[in-house]
Amino acid sequence: MKLTTLFLCFFLSCGTGWAQSGEKNFIDQNYIEVTGTAEMEVVPDEIYLKIVLSEKDKGKKSLEAMEKEMVAVLKQLGIDVRKDLLIKDLSSDFKSYFLRRTAIQTEKEYQLCLHGADKVGTLLVELEKAGISNISVDRVDHSRLESFRREVKINAVKAAKEKAEAFAEALGQQAGRALYISESGSGYYPRANGIANVSFKAASMMDEAAPVLDFEKIFLKHSVLVRFELK
């Protein structure tokens, strides 16, 4: 037991000596703390539309007929239906049907991904001809969004380094190696509110060439907090 105690004391004593002879902890060093920020605007290349087919009145087309016409239009425009068209919601008033034995009101909601805003105008016109007009923008995205976000973060770090070097030079000193780095803020702003205000009155465009709709850019912003050694 005594031997173990002596060995432990020797180990702690050596450890303290190594810590004193080694480098200082970064909080004990002179440092400069700066925040670097970078921004980027990205033109969306994925437009997600919400298409709703609804069967409410007996005089209107059946849901199946509307669905077939929609799919035919999409294929005619070269859209990959299997890949880019999804059934998002299927709701039927079965409860009312079984209680009252009346006609079922059925509604289907689809999500369609268009690869580029240039196809949206043509699609709206063609679907309007088929009697389908309940269309809205669900969201926008970019196929390389994660790559752009990494790029913005790297640029934020570079901005922090440039700022630290400028401040240190003003003091007649130099900014050395980075001692600490942390993301202090980040954002991904598709600005969906602005997109939702785009008018989809395809009926007024029936006799005109299909317009090319412009969507607001995706706004990326990242900030990093970095502490550099001050020499």
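The values are calculated or read from the model by the stated rules, or taken from the named source; none is laboratory data. On a predicted model such as this, the values are computed, not experimentally measured, just so you know. When we count neighbours, we look across all protein chains shown, and the Cβ atoms used for this are built from the backbone with ideal geometry, even at glycine.
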Item checked: Residue within region 192-210 that is surrounded by 12 or more Cβ atoms within 10 Å (Cβ to Cβ) and modelled with pLDDT of 70 or more present -> no
Item checked: Residue in region 138-149 that is closer than 30 Å to A72 by Cα and aliphatic (A, V, I, L, M) present -> yes
Check: Checking F7 against (1) modelled with pLDDT under 55; (2) surrounded by 13 or more Cβ atoms within 10 Å (Cβ to Cβ); (3) among the aromatic types (F, W, Y), which single condition isn't satisfied?
Finding: (2)
Notebook entry, point to check: When region 33-64 is examined, which residues are found to be at pLDDT below 80, assigned to a loop (DSSP other than H, G, I, E, B) and surrounded by 13 or more Cβ atoms within 10 Å (Cβ to Cβ)?
Noted result: K61
Notebook entry, point to check: What residue, of K163, K217, K221, is within 24 Å of S136 (Cβ to Cβ), modelled with pLDDT of 55 or more and of a type in the set (K, R)?
Noted result: K217
